[in-house]
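The block underneath contains the structure these notes are about, expressed in C-alpha cells.
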C-alpha cells in the first residue's frame, strides 16, 4: 500500500473542454472552466498552483505543486451516473433516456398517476426553485405532485413537506423508479425533491434523495469493502451506486462549503481506505441555471478552502480532484455537456509533481485506487500509481 487514505473530490460538472465525441451530443465547442474564466476574472491562486487552470489547454507548468492532467470520458452519456460509474470502474454502454426538450410522454405520466393515485403537474424542463415558485401554490391547493426534468436523464418529483410527508414522497419515488426500469422510460435517476416555504417563496430542503439502478457489476468500491477497507461517501455517490460498496454514508448539504466541512471532519478521523465527496452545488445551482458569475464565485470559494483541505492531509494521504461531466453555463440550454475532466493529484511527499499524460478514461482513477490498496481491479481503466513519485 502506497497511500493509507485517498480522498477524491468531485467538482460536479466542472469539465475542461469538449470530449472527442462531443459532436455526437451536440456539444461542439463546450468548455466549462475555460468559458467561466473568459467571462469572469477568477482569482484562484491555490488551485492555480496545483495546475488546475493548465488543464484547459494541457500546457506545461514547471512550478506546479501537484500532478495534473485530464481524463477522457468513455462511458455513454453525460449524466452523473455515467461519470461516477466510470470513475469507480463501471462500464456503461447502454444509454439512459433523456426527455429534453419536451419532458415526459403522456403514456408515462398516465402510468404514474394511475399507479400512485395522484395527479401530476409541471412536466417540463426546469432547474432550481423556479418551478417551485411557478407551481408551488397550485401544488399546495390541490396536492398534485410537481414533475420535471433537469434536461438530462432525470425524473424529479417535488412536494411540499407540509402537504406530503417526506417519507411518503420517498415511497412515491420508489414506485416511480420501478416503473421507469422499462426500456422506453429508462431514466438514470428518479429524484425526490422535498421543499418548504410559503407564499411563493419556496426552497428545496436538504432531504433530496436519488433513486438509481443497482450496478450490474462490482466496482472498485465493492472490492475495497470486501477487503475491509473504509469506503466513505459524502454526497450523492451512495445514491448513485444504491449503497453498493459503501461502508459509511454522510449526507451532503446543498452548499459546497458545508459539504467541504463534512469532508474535513472526516479527514480528522483515523481510517484506511477512500473518501469520495461530491460538490453538487456547481451543477445544480450554477451550471443548470447558466449562472456564470455564480459558478465563478463558487470556484473562488473552493480555492479559499484548499489550504485547509491540504493541511488536513497526512504524509501518507493523497487528494484527487476531478469532475464527472461538464455543464458549460455559456451554452444555450441547461443540459450537461460532454467534456473531458480535470485530474489533480496532491500529496505531501511528492518530489517532482508535473503534468501527466492524458488519461484515456476516467476509470484510470478507480484503477489507481485498486492498485494502491491491492484489491481486484475493475475491467476498465489503467492505473497511474507508478507515476506518482
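Things to note:
- Residue in region 284-301 that is in contact with a strand residue (DSSP E or B) (Cβ under 7 Å, 6 or more places away or on another chain) and surrounded by 15 or more Cβ atoms within 10 Å (Cβ to Cβ) present: no
- Selection count where residues are in contact with a helix residue (DSSP H, G or I) (Cβ under 9 Å, 6 or more places away or on another chain) and either modelled with pLDDT under 95 or closer than 19 Å to residue 38 by Cα (or both), scope region 324-345: 14
- Matching residues in region 171-207 - criterion: being at pLDDT 90 or above, more than 17 Å from residue 112 (Cα to Cα) and outside any strand (DSSP E or B): 205, 207
- Residue 249 falls short on exactly one of the conditions (1) surrounded by fewer than 16 Cβ atoms within 10 Å (Cβ to Cβ); (2) over 23 Å from residue 364 (Cα atoms); (3) out of contact with any strand residue (DSSP E or B) (no Cβ under 7 Å at 6 or more places or on another chain), and that condition is (3).
- Selection of region 215-234 for residues being under 17 Å from the mean Cα position of the chain (by Cα) and either closer than 19 Å to residue 167 by Cα or modelled with pLDDT under 95 (or both) yields only 215.
- Some residue of region 47-70 being crowded, with 21+ Cβ neighbours inside 10 Å, free of Cβ contacts under 8 Å to residues at least 60 places away in the same chain and on the phi < 0 side of the Ramachandran plot: no
- Pick from region 147-163, criterion free of Cβ contacts under 8 Å to residues at least 40 places away in the same chain and buried (at least 22 other Cβ atoms within 10 Å of the Cβ), ranking: farthest from residue 106 (Cα to Cα): 159
- Flag if residue 285 is in contact (Cβ under 8 Å) with a residue 24 or more places away in the chain, more than 16 Å from residue 56 (Cβ to Cβ), in contact with a helix residue (DSSP H, G or I) (Cβ under 9 Å, 6 or more places away or on another chain) and outside any loop (DSSP other than H, G, I, E, B): yes
- Within region 346-362, being in a loop (DSSP other than H, G, I, E, B), within 14 Å of residue 49 (Cβ to Cβ) and touching a helix residue (DSSP H, G or I) at 6+ places or on another chain (Cβ under 7 Å) holds for no residue.
- The listed residues are 369, 306, 365, and the only one of them that is in contact with a helix residue (DSSP H, G or I) (Cβ under 9 Å, 6 or more places away or on another chain), in contact (Cβ under 8 Å) with a residue 40 or more places away in the chain, outside any loop (DSSP other than H, G, I, E, B) and within 17 Å of residue 72 (Cβ to Cβ) turns out to be 365.
- Only helices (runs of 4 or more DSSP H) whose full extent lies in region 42-116 are considered here, and the ones with at least 1 residues that are closer than 23 Å to residue 380 by Cβ and assigned by TED's automatic domain parsing to the domain that holds residue 383 are 80-87.
- Residue check for residue 38: over 17 Å from residue 361 (Cβ atoms) and in a loop (DSSP other than H, G, I, E, B): no
The values are calculated or read from the model by the stated rules, or taken from the named source; none is laboratory data. As the structure is a prediction and not an experimental result, all values here were calculated from the model. Because the Cβ atoms are built from the backbone with ideal geometry, glycine has one as well, and the counts that use them run over all protein chains shown.
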